[in-house]
Number of protein chains: 2
Amino acid sequence: MTDIATLGEFGLIDRLIQDIELMQPSSILGCGDDAAVVSYPQGMQTVVTTDLLLEGVHFDLTYTPLKHLGYKAAVVNFSDVVAMNAKPRQIIVAIGLSSRFGVEQVEELYSGIRTACAAYGVDLVGGDTTASLNGLTISITCIGELEPDRISKRSGAKPTDLICVSGNLGAAYMGLQLLEREKTVFEGMERSEDFQPAFEGKEYLIERQLKPEARIDIIEMLRREQILPTSMIDISDGLSSELLHIAHSSQVGVRIYEDRIPIDYQTALMAEEFNLNVVTAALNGGEDYELLFTAPLALADKLQNLQDIHLIGHVTEASLGCALVTRDQKEITLQAQGWQAYPQR
Amino acid sequence: MTDIATLGEFGLIDRLIQDIELMQPSSILGCGDDAAVVSYPQGMQTVVTTDLLLEGVHFDLTYTPLKHLGYKAAVVNFSDVVAMNAKPRQIIVAIGLSSRFGVEQVEELYSGIRTACAAYGVDLVGGDTTASLNGLTISITCIGELEPDRISKRSGAKPTDLICVSGNLGAAYMGLQLLEREKTVFEGMERSEDFQPAFEGKEYLIERQLKPEARIDIIEMLRREQILPTSMIDISDGLSSELLHIAHSSQVGVRIYEDRIPIDYQTALMAEEFNLNVVTAALNGGEDYELLFTAPLALADKLQNLQDIHLIGHVTEASLGCALVTRDQKEITLQAQGWQAYPQR
């Protein structure tokens, strides 16, 4: 491990941002100044979002390779921009590092961030590092480009609108359970034993947890199909929380159907193995980064025929509340996950 | 102290962002969605910068009231935008909180941020909070508006340009020394003793440390006087580091004169009391948030007559290096502060 002090602050930043090329015509000024400068074509609006990721709360380096962490940290920000129905174009990265991180580790993290940028056509326009007392802190700001008449806020859902979700849910949560289990096994072993985590056949779940993707393909498809969501949000905290956000912002109620929630068979198998309720995983698991959106009822036929889009329910008057209709026709009130319990120090 | 858990996550955010009004016509969508949306008039460019502030590294809550911390955290971001010769218009705030912070503490911090926003005409367009294992983490993103033909990068300085600085230097550092001394005295006392810090007559130094300002008045004056800096940076790490940034980015050398460095008499008195070299404080102390800029030699007469602007040296060919000329005509090579030493855990 190369001590960061050997490079000096200028040296570390220079090394991390060397050979970064700006690909987007909208990136006017990139890394190396007091601020980045962007400029979108006339008539376009600018979307900006920031995420703060803290070691021990948002990620566990025991089972998260730094390169994957960098990739995920960038992608979850892209996902917030996509959830506005906008295209991510630039990111700015600020990292706090405790002394247990060396130059190679920071490079690994940056390599993941840069891989994500390359995959999504996003420019890295600002990078900064600072010392930290405890662990790793990552703050990423994503800047995106929005056609004003395509904005999808949380607040536009109307009664009778359809509720749609992309992809499938609960897989990232099952991947996390799997990683946590292997961590426990690993920690209980003698140092000399050769540890091989039992992930065969479960790569999909691990990948959903460690390498999520932002569904930019979905917003592109909706655009091609001339479908404008009335409201949209990405599923970071779980379907239940996100539905409540839309209901709260739009002042409506929602009704979703258990048998309509899209769940991959691997997620279902794993839930069985862990003796967990798979619907709970989908409702409260989070980190799927799928898109949840509403659209006018008149678009039902069109939406039903779109690949990877699932109609899971409909919007109601606010007075009807927010409920899940189970397979046996019972109604269960949707609950917010609430403030995440503080881990004990 | 009200436990954050009693409000829930929705409740806390709702409480923090309640009654926030958007004042800037460019703020299209504020708090409460996946991202903020801004739109500047045709032809204007967008400036974006992020700062990460960590407890124990960037601030010490022993002597920093949370309201002041919020104010400062916002202002240092405004300062980065101002250093591009742009106007700050919006900020997004993300905060990580350990369990020792309650609702009242977060409100104090936000009250400082909102005071700064009101003072500078900046809209708070995004706010988020998350749990943290250790202490307080603040990440602020500032978005600003730039006239493309007024951008001042670090890279535009040319040999023979004048080097100018606003205000005075070293005061924030002396304020920090004063606070650190009182902290030591306080920690050495019995609990029962009545502690009154000895700050009388030194309020200016304390204020420079705890409540810095972004010199938006300076860029407005330069604009009125039709002066366009060839390069500009704000002094966060100390004059020496910032000069080296400009020299590095512009591929030039710099020569500054000790007797030209503006120092307030209170800074000088305090340095004497502490037996510290006041020039070292100005060169390496940092946190003054004054503007350092270069301008063509032909503007010398004009610049000399401007209030609060000081000509401290000139730009040279790169081969001449970066030097301070002392009062007795000796040349001292300017040193980078380098990577901040990691505090010991």
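Values in this text are rule-based calculations from the coordinates and carry no lab data. Note that the coordinates shown come from a computational prediction; the quantities given were computed from them, not determined experimentally. Virtual Cβ from ideal backbone geometry, glycine too; neighbours counted across all protein chains shown.
Structure notes:
- Long pairs among B:LYS211/B:LYS302; A:LYS67/A:LYS211; B:LYS153/B:LYS330; A:LYS87/A:LYS153; A:LYS87/B:LYS153, criterion Cα-Cα beyond 20 Å: B:LYS211/B:LYS302; B:LYS153/B:LYS330; A:LYS87/B:LYS153
- Size of electric dipole in the protein assembly as shown: Cβ of Lys, Arg +1 and of Asp, Glu -1, about Cα centre, debye, nearest 20: 1000
- When +1 charges are put on Lys and Arg Cβ atoms and -1 charges on Asp and Glu Cβ atoms, the dipole computed for region B:197-345 relative to its Cα centre reaches about 360 debye.
- In chain A, taking the dipole from charged Cβ atoms about the Cα centre, the farthest positive-side position among A:SER319, A:VAL125, A:LEU306 is held by A:SER319.
- For A:LYS183, the lysines whose Cα falls under 17 Å of its own Cα, not counting residues fewer than eight places away in the same chain, are A:LYS202.
- Averaged over B:135-144, number of beta-carbon atoms from partner chains that fall within 10 Å: 5
- Within 10 Å of the Cβ of each residue in B:124-133, the mean number of Cβ atoms contributed by other protein chains is 5.
- With label points set 7 Å from Cα along Cα→Cβ, the inter-copy distances at B:GLN329 are 10.2 nm, sorted shortest first.
- Per-residue average of Cβ from other chains inside 10 Å of B:231-243: 1
- Spin-label model, A:ASP259 to A:GLU104: label points 7 Å out along the Cα-to-beta-carbon direction sit 5.6 nm apart.
- Across the identical copies, the label point of A:LYS158 (7 Å from Cα in the Cβ direction) is separated from its matches by 5.9 nm, in order from shortest.
- Dipole magnitude of region B:134-175 about its Cα centre (Cβ charges: Lys, Arg +1; Asp, Glu -1), debye to nearest 20: 160
- Across the alpha-carbon set of region A:2-144, the Rg to Rh ratio works out to 0.96, Rh being the Kirkwood radius.
- Global size of region B:160-293: 17.2, 61 Å for Rg and Dmax (C-alpha atoms, Rg to one decimal, Dmax whole).
- The mean sequence distance of close C-alpha pairs (under 8 Å, at least 6 residues apart), as a share of the length of region A:1-150, puts its relative contact order at 38 percent.
- Cβ-based charge dipole, region B:2-144, positive-most Cα from B:VAL38, B:TYR63, B:VAL75: B:VAL75
- Per residue, the average separation of C-alpha pairs within less than 8 Å and at least 6 apart gives chain B a relative contact order of 21 percent.
- Dipole of chain B computed with +1 at Lys/Arg Cβ and -1 at Asp/Glu Cβ about the Cα centre; of B:LEU239, B:MET270, B:LEU162, farthest Cα towards the positive end is B:LEU162.
- Distances between copies at B:GLU273, taken between label points 7 Å from Cα along the C-beta direction, are 6.8 nm in increasing order.
- As a size descriptor, the averaged projected area of the C-alpha convex hull of region A:79-120 was calculated at 3.6 nm².
- Across the protein assembly as shown, Cα-Cα distances exceeding 49 Å account for 18% of all pairs.
- Ellipsoid fit via the Cα gyration tensor, chain B: semi-axes of 35, 28, 16 Å, each the root of five times an eigenvalue, largest first.
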